Amino acid sequence: MKITKKKVNYIGKKATVRSCFGGYSLPDGLPEGATVEIVGFDIGCFDVRFGRKTFRVPMACVENLHLLWR
């Protein structure tokens, strides 16, 4: 039996960001509950665009991440 992994493409998807417990906070200039566009990702974090600025945000700060898999 061959096991295949589904690649998830987050680029271009909209998400809501919030600070969360455990020391994960949003960068200065990115408000709580902001709707952002995901423009890049790396292990453990996303690059998101809010307005004309791009921010690096921990994955833990993206709400309902599992809904972006669709």
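The values are calculated or read from the model by the stated rules, or taken from the named source; none is laboratory data. Not measured: the values here are computed from a predicted model. We place every Cβ from the backbone using ideal geometry, glycine too, and count neighbours over all the protein chains shown.
Can you name the number of the only condition in (1) out of contact with any Phe, Trp or Tyr (no Cβ under 8 Å at 6 or more places or on another chain); (2) buried (at least 16 other Cβ atoms within 10 Å of the Cβ); (3) not aliphatic (A, V, I, L, M) that P58 fails?
Among (1) out of contact with any Phe, Trp or Tyr (no Cβ under 8 Å at 6 or more places or on another chain); (2) buried (at least 16 other Cβ atoms within 10 Å of the Cβ); (3) not aliphatic (A, V, I, L, M), P58 violates only (1).
So, of the residues in the stretch 1-30 that are surrounded by fewer than 10 Cβ atoms within 10 Å (Cβ to Cβ), at pLDDT below 75 and not hydroxyl-bearing (S, T, Y), which turns out to be nearest to P58 (Cα to Cα)? Spell out the reasoning first.
Narrowing the stretch 1-30 to residues surrounded by fewer than 10 Cβ atoms within 10 Å (Cβ to Cβ): 1-7, 12, 21-23, 28.
Subsequent filtering for residues that are at pLDDT below 75 retains 1, 3-7.
Next, from what is left, pick out any that are not hydroxyl-bearing (S, T, Y): 1, 3, 5-7.
Working: M1: 35, I3: 29, K5: 23, K6: 22, K7: 20 Å.
So the residue we want is K7.
Among the listed residues T16, T54, T35, which satisfies the condition of being assigned to a strand (DSSP E or B), out of contact with any His (no Cβ under 8 Å at 6 or more places or on another chain) and touching a residue at least 40 places away in the same chain (Cβ under 8 Å)?
It is T16.
Hey, A60 hits all of (1) assigned to a helix (DSSP H, G or I); (2) of a type outside the set (S, T, N, Q); (3) over 11 Å from the mean Cα position of the chain (by Cα) but one; which does it fall short on?
All conditions are met except number (3).
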